Amino acid sequence: MTPEIAFLPGWLVQHAPPLLVVTPLIAGVIAAVLPSARASWGIVLAITFFAAAMASFIAMQVMEVGVWSYALGSWAPPLGIEYRIDGLNAGMLLLVAVIGFLCAIYAPASVEAEVAPENRSAFYGAFLICFAGLLGVAITGDAFNVFVFLEISSISTYALVAMGAGRDRRALTASYNYLIMGTIGATFFVIGVGFLYMATGTLNMADIADRLQGLEGDRTVQAGFAFIVVGLGLKLAMYPLHSWLPNAYSYAPTLVTAFLAATATKVAFYTLIRFVFGVFDPGFGFAGLSMIWLIAPLAAAGMVVASFQAVFQSDVRRLFAYSSVAQVGYMLLGVGLGTAAGMSASFLHLFNHALMKGTVFLALGAMWLGFGVTRITDLRGMGRTMPYTSAAFVIGGLSLVGVPGTAGFVSKWALLVACLDRGWWWAVLALGAASVLAFFYVGRVLEMMYLREPPQHDGHAVTRSPAPLAALAPMWILAAANLVFGIWADIPVRLANAAAAAVLGSAP
Amino acid sequence: MNSHIVLKVASKVLIPLIVVFGLYVQFHGDFGAGGGFQAGVIVAVAVILYALVFGLEEARRAVPPAVAKIGAALGVVIYAGVGIVSIALGGNYLDYFVIPGGQHIGVLLVEIGVLLTVASVMLLIFYAFAGRAREIPDEEW
């Protein structure tokens, strides 16, 4: 046990993994039935803070001591369900919990403006249940348990997206579309797990990995691999399976967009890596080939095409939703490389992208609250009317482009170096093209904000209207993280290297 | 209100039997086929049958949606609460063997949680869908 946490009671330390997932779940259903939305928000804030503290404790513990395995119901793995935390998912838990807490701070401002009064408690409940589901996906070492938590988080996400209907009715069709695509994804995933179970007779991921040795030529295993990759590809919006994402992100309540963009696709991405590298062996012919001939080319195509589509959007959240699809391409490219450097770069970009998109979507949310901004032309003169929010947005945007000194630069540079090491010149070209396009779409927004006059209202320019502190604080924490991790990249690089090492099995 | 007298009398006889059968399935789950999920659906069916025959308003008076919502939440709290209790008693999460009465009581409690949540959620889904349709007046049957 590390000395930093010696003050915690023993039972809390010993049972931290299940408590991290179960407390948000219990609190979520309680928050959903409370009559007062304020009280529900109090629960959300307290529980996400607790989860963030627990997740940082677990991450510290794993960094110092190594893999942490917890047997649910005292049934020893591989028979029972095992919660297993290593260098790969310790960082994911921390990311989800911290972003969840920051979003919880911003929640009341968004909810009171966007969600119908009778739905507010249910909204907070769904938010916590989604939070619990994402943590559960990240923490569990059991393949079927992954499916269960993936559906817990997804189903509550559909409800959260649909609650945007208070502001724009199109949220309902966006959510329905997401429900259909997400359910197909989940079904494919569980069919894949079924195939693996058929071939190996076990559901514990580490145990599946052991028993798959020597089954490389087995058709059942290959089919399982295909189903799992396509199913998770739908969940993480891998190009060209991303069609649900732009609408869901544009019409969901602003809080939900920020939370999902920073966590949900990231967790699905983590699951893909866990399966492709942790359960299957990248040394398997079919797995290695599909990374080189399927994942990497699709990633490169997604980077360029989605960035190109982003340039031509007129709805500003839709623009950044397409940009998210492109950024998923960056992460997948790192995975497709199949090298330790590529994997580490990919993880670094995962963290940094959560920071930049969190900043950008929180800033856009605050702008919607202030001026009802949805279209890019609505952003005219925003640099003068909402100066602090706009400044945070600039940092997030520059980080997205990859300007030196921001977190985005660190991870893009790492990815570039990894591609050069592998000798993939076409990937370097795609990276360059996508970054230039990112410069265009971010530049277009910044030009609107800083070089245009604020709109006229009754003959006068619109006056300044700064965002509330509850919106500014989380936004600026994330924006500051973009700058800090752009200059002192030690902590994220260390986490990413630990993740890559855990995946590729070289060290804890 | 003398229309559908046969339906009304028959369903009044059936509804208690359906609930009892639901409870049978619930407790039989300990020894063989059955369990909280199936039992929850059967118990919800009793209320849904009542709603179909006596009208949605009557059913909503008998089991108000607010009660069903609390039931749905309570079920999850019971299930997860068993896990918390087992931690408090010195075991791992959901370790039934440290609970007084052992695995039998642990599973029984968990399944009661499942029954509550499944029955309540089934009912809530039914209310949500049925509430959108026009009630059919008696003469149009």
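Quick note: the coordinates plus some simple rules give every number you see, no bench work behind them. Given the structure is predicted, the values throughout are model-derived calculations rather than measurements. Using ideal geometry, Cβ is built from the backbone for each residue, glycine included, and neighbour counts are taken over all protein chains shown.
Note that the protein assembly as shown shows a convex hull volume over its alpha carbon atoms of 171 Å³ per residue.
Assigning unit charges at the beta carbon (Lys, Arg +1; Asp, Glu -1) and nothing else, what dipole magnitude in debye, to the nearest 20, does the protein assembly as shown show about its Cα centre?
On the way: 30 positive and 31 negative charges, 254 e Å.
The calculation lands at about 1220 debye.
Cross-link partners for residue A:357 among the aspartates and glutamates, with Cα-Cα distance under 18 Å and sequence neighbours closer than 8 places in the same chain left out: A:315.
Beyond 18 Å between alpha-carbons counts as too far, so tell me which of A:235/B:69; A:235/A:266; B:8/B:69 fall in that bin. Over 18 Å Cα-Cα: A:235/B:69; B:8/B:69. Helical runs assigned H by DSSP (4 residues or longer) give chain B a calculated mean residue ellipticity at 222 nm of -25500 deg cm²/dmol, each run adding -39500 (n - 2.57) before division by the residue total. By the equivalent-ellipsoid construction on the alpha carbon gyration tensor, region B:80-141 comes out with semi-axes of 43, 11, 5 Å, ordered largest to smallest. Fraction of C-alpha pairs exceeding 21 angstrom in region A:273-394: 49 percent, rounded to a whole number.
Treating r as the C-beta distance of residue A:447 and residue A:391 and R0 as 22 Å, the FRET efficiency rounds to 0.90.
Loop-only GluC sites (Glu not before Pro) in region B:62-141, please: DSSP not H, G, I, E or B, and at most 12 other Cβ atoms within 10 Å.
Working: sites: B:111, B:135, B:139, B:140; in loops: B:135.
Listed in order of number, the matching sites are B:135.
Straight-line cross-link reach from residue A:412 at under 16 Å between alpha-carbon atoms covers these aspartates and glutamates, not counting any fewer than eight positions away in the same chain: A:421, A:490.
The residue among A:208, A:35, A:244 whose Cα reaches farthest toward the positive pole of the charge dipole of the protein assembly as shown, with charges on the beta-carbon of Lys, Arg, Asp and Glu, is A:244. Given in Å, the Rg to one decimal and the Dmax to the nearest whole number for the Cα atoms of region A:107-258 are 17.7, 58. Here the dipole of chain B is about 140 debye; that uses its Cα centre as origin and unit charges on the Cβ of Lys and Arg (positive) and Asp and Glu (negative).
Counting pairs of Cα atoms in region B:5-136, how many percent are more than 19 Å apart? Write down the numbers at each step before the final one.
Working: 4771 of 8646 pairs.
Of all Cα-Cα pairs in region B:5-136, 55 percent lie more than 19 Å apart.
When the Cα atoms of region A:263-335 are aligned to their principal axes, the ranges along those axes come out at 44, 25, 13 Å in descending order. Which translational diffusion coefficient, to the nearest whole µm²/s, is obtained for region A:190-319 from the Stokes-Einstein equation, given a Kirkwood hydrodynamic radius over C-alpha pairs, 37 °C and 0.692 mPa s? Stokes-Einstein gives a translational diffusion coefficient of 204 µm²/s. Remark: C-alpha extents of region A:402-463 on the principal axes read 60, 21, 11 Å, sorted largest to smallest. Computed over region B:5-136, relative contact order equals 29 percent, with contacts defined as Cα pairs under 8 Å that lie 6+ residues apart.
Each 5 Å bin from zero holds the following percent of Cα-Cα pairs in region A:412-508: 3, 9, 9, 12, 17, 16, 11, 8, 6, 5, 3, 1, 1, 0. Computed on region A:301-508, the Cα convex hull volume stands at 102 Å³ per residue.
Each other residue within a Cβ distance under 15 Å of residue B:124 adds +1 if Lys or Arg and -1 if Asp or Glu, for a net charge of +2.
Over the residues of chain A, the helix contribution to mean residue ellipticity at 222 nm works out to -25000 deg cm²/dmol, using -39500 (n - 2.57) for each DSSP H run of at least 4.
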